[in-house]
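Chemist: Could you have a look at this structure, given as structure tokens, before my questions?
The values are calculated or read from the model by the stated rules, or taken from the named source; none is laboratory data. Because the structure is a prediction, the values reported are computed rather than measured. In this analysis, Cβ positions are derived from the backbone assuming ideal geometry, glycine residues included, and neighbour counts consider all displayed protein chains. These accessible areas exclude ligands, DNA and RNA; they are computed on the full protein's heavy atoms, side chains included. Shrake-Rupley method; radii C 1.70, N 1.55, O 1.52, S 1.80 Å.
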Amino acid sequence: MITISKWKCSWSLMATIASIVALVSVVHLFLFPVVPSFDPFSVRKVQDSCGPNNESVDGRTGHDLGNLQPVLDLEHKFPADLHRAVVYRNAPWKAEIGRWLSGCDAVTKEVSVVETISGRSCKNDCSGQGVCNYELGQCRCFHGFSGEGCFERLHLECNYPKSPELPYGRWVVSICSAHCDPTRAMCFCGEGTKYPNRPAAETCGFQLSLPSEPGAPRQVDWAKPDLDIYTMNKSKLGWCNVDPAEGYANKVKFKEECDCKYDCLSGRFCEVPVQCSCINQCSGHGHCRGGFCQCANGWYGTDCSIPSVTSSVREWPQWLRPAQLDVPDNAHLTGKLVDLNAVVKKKRPLIYVYDLPPKFNSLLLEGRHFKFECVNRLYNDNNATIWTEQLYGAQMALYESILASPYRTLNGEEADFFFVPVLDSCIITRADDAPHLSMESINQAEGFLCKLSIAAYFPMYEKQHLGLRSSLTLEFYRKAYNHIVEHYPFWNRSSGRDHIWSFSWDEGACYAPKEIWNSMMVVHWGNTNSKHNHSTTAYWADNWDKISSDRRGKHPCFDPDKDLVLPAWKRPDVNALSTKLWARPLEKRKTLFYFNGNLGPAYPNGRPEALYSMGIRQKLAEEFGSTPNKDGNLGKQHAENVIVSPLRSENYHEDLASSVFCGVMPGDGWSGRMEDSILQGCIPVVIQDGIYLPYENVLNYESFAVRILEDEIPNLIKILQGFNETEIENKLTSVQKIWQRFLYRDSMLLEAERQKTAFGYVEDWAVEFLRLTEDDVFATFVQDKSTFPRLWFSQKEFDRMLTSHFH
């Protein structure tokens with residue numbers, strides 16, 4: 001029996017205990033379920049040293065291991081400041097976490113990891129219609145293809161079954177009166193037209209009625225095709241035969257409702273082929289076909305970043321280099337491809353990324369009907385990067401950073417964490433894209449396609465979802481869980497506690513299936529359900545209250561002991577960066593409090609639902625509204641230096657940078673107001689009880705933010721006026737130290753490097769981001785994950801870990 005009382009900050013040893021820690025935590029959760037109560041200063045239980053707790057849960061003490069260094073007394077070496085924070089890498093962390101990072105993470109050493117480079121073949125080489133996963137020997141088939149060797153061609157209809165009243169079926173995003181491409185369920189002009197590959201999607205192909213009143217939109221008649229889109233008459237509103245040159249010169253009329261909504265095409269008439277948007281743009285080892293990476297021979301993975309044994313070592317990604325190769329002595333005798341072992345030096349934590357079947361990611365990207373959905377960038381006519389305002393783009397950014405990270409490993413036995421890449425941002429936005437991607441059961445849709453083929457292609461639609469996108473999404477995650485349990489051994493070693501799932505939608509992991517709740521959830525919505533213990537969205541299709549507990553379980557939306565709220569995606573703003581709005585001093589911030597956004601039904605164009613923002617924004621406007629509502633009234637306590645307005649600001653970032661305090665409140669779930677505030681150097685004022693903001697369970701919010709209870713809204717201004725100038729300056733200084741942790745700089749620099757390789761130069765946005773040096777979102781994510789092995793565990797489990805580790 002190996003005994004221990006003192007040991008050093010050793011990741012190689014500590015990472016080994018992570019699964020034991022997780023298992024103990026799972027048992028505890030099942031035996032002693034906890035009803036979360038909100039405490040803005042709560043933190044995961046941690047130790048005051050880099051080693052395990054010497055006093056076990058059953059009262060036995062640890063034992064000695066002579067060759068390990070003495071434990072570091074972190075509490076005395078790294079004392080907390082007046083706000084109970086410990087600073088690490090310029091950020092104020094909660095004391096226990098800051099101490100651990102300062103004393104342990106800072107001295108992490110490299111370990112040697114054996115990475116297996118695989119060479120299993122796939123049936124018929126996937127028939128040229130898919131990518132071979134050389135680790136599993138399984139094909140990842142492109143959109144419209146299925147089967148073991150991708151030999152089965154699917155027929156994906158654009159339209160639902162027709163009826164006498166609706167000859168093209170009821171409305172769906174893919175509805176088509178022209179030519180339907182059955183491999184993607186997309187609508188094009190088709191043969192017989194001058195431009196057969198020009199999209200003729202949705203409204204484009206149907207007749208429009210005149211507006212019912214001035215300024216109102218025209219109504220679409222989904223039963224009547226618009227045959228004028230095929231006209232050769234230049235005086236009619238054509239489309240499929242319109243010459244782009246004549247269109248740009250206004251020599252011909254064309255239908256304004258027709259546009260270039262599909263990816264990979266640009267120009268007003270879709271005449272310019274451009275780069276499609278793929279994960280990491282296929283890493284230079286493949287071709288992006290509408291969102292799905294068609295990898296070059298010898299490469300695989302969602303972003304073509306994993307080499308097989310037939311790849312060139314010189315082209316291996318940085319996270320696999322430099323590598324010491326171990327080639328079996330008898331490799332030349334077998335005449336078959338054999339796996340290679342490559343020894344690579346890495347720092348923990350090590351993250352294994354599942355190469356899931358493409359229905360969970362790549363197919364969702366390839367088949368999307370609006371090119372702005374799911375992704376955070378597109379490409380213009382010159383293939384220059386266009387960053388989008390896509391609110392849910394953080395999911396793609398995080399995924400790309402993990403895939404290209406030096407912390408990535410192919411060795412699941414050595415991995416500390418396992419990332420499961422399901423793209424819920426695509427599932428939600430595509431819930432009504434096409435008949436094959438529907439919230440209805442297959443039985444209801446019988447007749448519009450081959451039932452057996454589609455059941456094999458999208459097996460998660462075997463249940464009716466009552467029109468709830470939340471229910472549909474839950475089913476995707478449950479199917480992903482079933483897949484990794486069936487095909488990989490890693491889940492059972494910790495009951496999933498070392499697995500990471502990303503939920504980007506409005507209410508985060510509220511609708512996570514019960515099977516995966518032991519895992520770590522990365523979300524934008526940290527609702528502990530301690531106060532708001534039901535669905536908080538005002539949009540009925542995303543409500544999760546009606547999802548059966550047999551499927552969802554009874555878990556909260558967020559558990560601060562294991563989960564993490566990450567910042568939402570914000571489009572790079574070159575002007576804000578170059579003018580350093582985040583650094584604007586206090587004397588130039590003339591507005592005491594600022595909030596600009598939807599304030600609900602009391603205002604023109606406001607959200608009509610009383611439940612919107614859980615009523616929080618409405619309460620704020622009732623007290624401090626600076627713009628007249630529908631009745632012409634201002635807030636009861638409106639003041640000159642307080643702005644609470646629903647009117648869209650023409651200089652939003654400038655207004656934020658001119659304010660001392662900025663409001664952070666929910667919308668339909670999370671909103672991006674925290675990110676807006678921090679990125680413009682404004683002190684965030686958080687008003688959402690029991691709901692965590694980005695990093696709130698790890699960073700010390702008292703250092704840079706203000707939290708006010710919802711019931712204290714009438715006292716908001718008095719509370720803010722109670723801070724003296726020194727306290728305000730200190731908070732502003734802290735905001736200026738952490739603002740880069742709210743940027744997805746790593747993902748953006750990956751794109752900058754790709755563009756530099758392609759064009760030999762970088763654009764203005766890249767120049768500004770290259771000047772930044774502080775830790776960003778991904779660095780903070782890794783730092784958070786590096787602290788998990790410090791959780792409490794029993795001596796019994798630790799002894800078992802030691803026996804396994806040393807034998």
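Chemist: Suppose R0 equals 51 Å; then what is the FRET efficiency for ASN383 and GLU729 from their Cβ-Cβ distance, rounded to the nearest 0.05? Show your work: numbers first, answer last.
Modeler: Working: r = 46 Å, r/R0 = 0.90.
Computed FRET efficiency for ASN383 and GLU729 comes out at 0.65.
Chemist: While we're on this one: Quick one: which residues, 5+ away or cross-chain, put their amide H under 5 Å from the amide H of PHE419? H built at 1.01 Å from N.
Modeler: Here TYR352, VAL353, TYR354, ILE500 satisfy the definition.
Chemist: Could you please report the charge total around CYS264, scoring K, R as +1 and D, E as -1 over all other residues with beta-carbon less than 12 angstrom from its beta-carbon? Walk me through the numbers on the way to the answer.
Modeler: Numbers: positive: ARG184, LYS261, ARG289, ARG368, LYS371; negative: ASP263, GLU366.
It works out to a net charge of +3.
Chemist: Give the residue from ALA583, THR537, GLY615 lying farthest towards the positive end of the charge dipole for the stretch 534-628; charges sit on Cβ (+1 for Lys and Arg, -1 for Asp and Glu) and the dipole is referred to the Cα centre.
Modeler: Sorting the options by dipole projection puts first ALA583.
Chemist: Oh, and also: Expressed in nm to one decimal, what extension gain is obtained for the pair ALA249 and GLU774 from 0.36 nm per residue of sequence separation less their Cα-Cα distance?
Modeler: On the way: separation 525, 0.36 × 525 = 189.00 nm, distance 4.90 nm.
Contour length minus the Cα-Cα distance gives 184.1 nm.
Chemist: Apply the a/c threshold of 1.5 to the C-alpha gyration tensor of the stretch 86-176 and tell me whether it is rounded, prolate or oblate.
Modeler: Details: a/c = 7.21, a/b = 1.75, b/c = 4.13.
Because a/c hits 1.5 or more and a/b fails to exceed b/c, the stretch 86-176 counts as oblate.
Chemist: For a Förster distance of 45 Å, can you work out the FRET efficiency between the beta-carbons of LYS514 and MET232, rounded to the nearest 0.05? Don't jump to the answer; show the numbers that get you there.
Modeler: Values: r = 60 Å, r/R0 = 1.32.
Efficiency at R0 = 45 Å is approximately 0.15.
Chemist: Return, ordered by residue number, the residues of the stretch 371-389 whose backbone nitrogen is under 20 Å from a label point located 7 Å along Cα→Cβ of ASP764.
Modeler: Taking a point 7 Å out along Cα→Cβ of ASP764, the residues of the stretch 371-389 whose backbone N falls under 20 Å are 377-389.
Chemist: Explain nothing, just compute: Karplus ³J(HN,Hα) = 6.51 cos²θ - 1.76 cosθ + 1.60, θ = phi - 60°, for every residue of the stretch 520-533 in order, whole Hz, x for Gly and Pro.
Modeler: 8, 9, 9, 9, 10, 10, x, 7, 7, 6, 6, 10, 8, 9
Chemist: Give, in nm to one decimal, the length gained when the segment between ALA223 and ASN533 is fully stretched (0.36 nm per residue of separation minus the Cα-Cα distance).
Modeler: 107.2 nm
Chemist: Further question on the same structure: Could you order HIS534, HIS76, HIS483 so the one with the most accessible surface comes first? Probe is 1.4 Å.
Modeler: Ranked list, largest accessible area first: HIS76, HIS534, HIS483.
Chemist: Spelling out what I want: for every residue of the stretch 701-717, take phi, set θ = phi - 60°, compute 6.51 cos²θ - 1.76 cosθ + 1.60 (Karplus), and round to whole Hz; glycine and proline get x.
Modeler: Working through the residues one at a time gives 5, 4, 6, 9, 9, 10, 10, 10, 5, 4, 5, 8, 3, x, 9, 3, 5 Hz.
Chemist: Can you put HIS653, HIS555 in order of accessible area, largest first, using a 1.4 Å probe? Please report the intermediate quantities before stating the final value.
Modeler: Values: HIS653 55, HIS555 20 Å².
Sorted descending by solvent-accessible area, the residues read HIS653, HIS555.
Chemist: Local charge sum around GLY667 (other residues, Cβ-Cβ under 9 Å, Lys/Arg +1, Asp/Glu -1)?
Modeler: Working: positive: ARG607, ARG617, ARG673; negative: ASP506, ASP668.
Result for the local shell: +1.
Chemist: Could you give the length gained on full extension between ASP561 and GLU712, defined as 0.36 nm per residue of separation minus the Cα-Cα distance, in nm?
Modeler: Values: separation 151, 0.36 × 151 = 54.36 nm, distance 2.72 nm.
So the chain would gain 51.6 nm between ASP561 and GLU712.
Chemist: From the square roots a ≥ b ≥ c of the eigenvalues of the alpha-carbon gyration tensor of the stretch 586-704, which class results: rounded (a/c under 1.5), prolate (a/b over b/c), or oblate?
Modeler: Working: a/c = 1.94, a/b = 1.24, b/c = 1.57.
It is oblate, given that a/c is not under 1.5 and a/b is not larger than b/c.
Chemist: A follow-up question, please. I want the local charge near ALA185. Using Cβ-Cβ distances under 9 Å, sum +1 for each Lys or Arg and -1 for each Asp or Glu among the other residues. Working shown, then result.
Modeler: Details: positive: ARG184; negative: GLU157, ASP181, ASP433.
Result for the neighbourhood of ALA185: -2.
Chemist: Quote the FRET efficiency, to the nearest 0.05, computed for ASN651 versus GLN721 with a Förster distance R0 of 41 Å and r equal to the Cβ-Cβ distance.
Modeler: Working: r = 26 Å, r/R0 = 0.63.
It comes out at approximately 0.95.
Chemist: Please list 3J(HN,Hα) in residue order for the stretch 193-209, calculated via the Karplus relation 6.51 cos²θ - 1.76 cosθ + 1.60 where θ = phi - 60°; whole Hz, with x for glycine and proline.
Modeler: 9, 5, 10, x, 9, 7, x, 10, 7, 6, 4, 3, x, 10, 6, 10, 8
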